[in-house]
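Structure record follows, encoded as structure tokens.
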Amino acid sequence: MAKYVVSPPIAVRRIDHYDGQRVTYHYRSHRTDRMEHETVDVATFIGRMVQHTVAKGFKRIRYYGVQATKTFAKVKMVLQAALAKVEGVVKGAVKIIARLTYRQRYAQSTGRDPFRCSHCGEEMEIWRIWQPTYGVIYDEGEVIKRGTYASTAQRAGP
């Protein structure tokens, strides 16, 4: 239980209202990417929170496979040796690819700058990203409205 006292499955600030019978809380929906509000009775709310606790004797596994700390320590040396061999065959290929930006890689593979308008030739800025299945993925206007734009701009480096 100590794990959930330190970091519970839901932050207290996400609980909007509690009247003794019902709990209202909010969350960001993965389907709509909007803030959703839900009101449920206390027993349902507690049930949803308790399902995140692990039964006595069970261990929580955060990472498994190659990402597991124990496995990664063993595989790390093999991966480094393999990368060194590849780099020896193709001189500096790994380092060169890592240094190129998306814009440079795209221009290198297609021969055109993805941030230049094909009509007027001016440099474009990303304002909104739309995907056919998911809709709007990124909207600069929403970022500005939320007020996170200034804090992001201050952290961003060259």
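General observations
- Sulfur and carbon atoms: percent of accessible area, segment 107-150 [1.4 Å]: 54 percent
- FRET efficiency, 1/(1 + (r/R0)^6) with R0 25 Å, evaluated for ILE61 and ARG14 via beta carbons: 0.45
- Computed E for ARG31/HIS52 - FRET, C-beta separation, R0 22 angstrom, nearest 0.05: 0.60
- ARG99-LEU79 FRET efficiency (beta carbon distance; Förster radius 22 Å; 0.05 resolution): 0.65
- Compared with the alpha-carbon gap, the fully stretched path from ALA107 to GLU123 is longer by 4.4 nm at 0.36 nm per residue.
- Order by protection proxy (mean Cβ within 10 Å, highest first), peptides 9-16, 119-126: 9-16, 119-126
The values are calculated or read from the model by the stated rules, or taken from the named source; none is laboratory data. The model shown is predicted, which means the values in this text are computed figures rather than measured ones. All Cβ positions, even for glycine, are placed from backbone atoms using ideal geometry, and neighbour counts span all protein chains on display. With ligands, DNA and RNA removed, areas are computed over all heavy atoms of the protein, side chains included. Shrake-Rupley method; radii C 1.70, N 1.55, O 1.52, S 1.80 Å.
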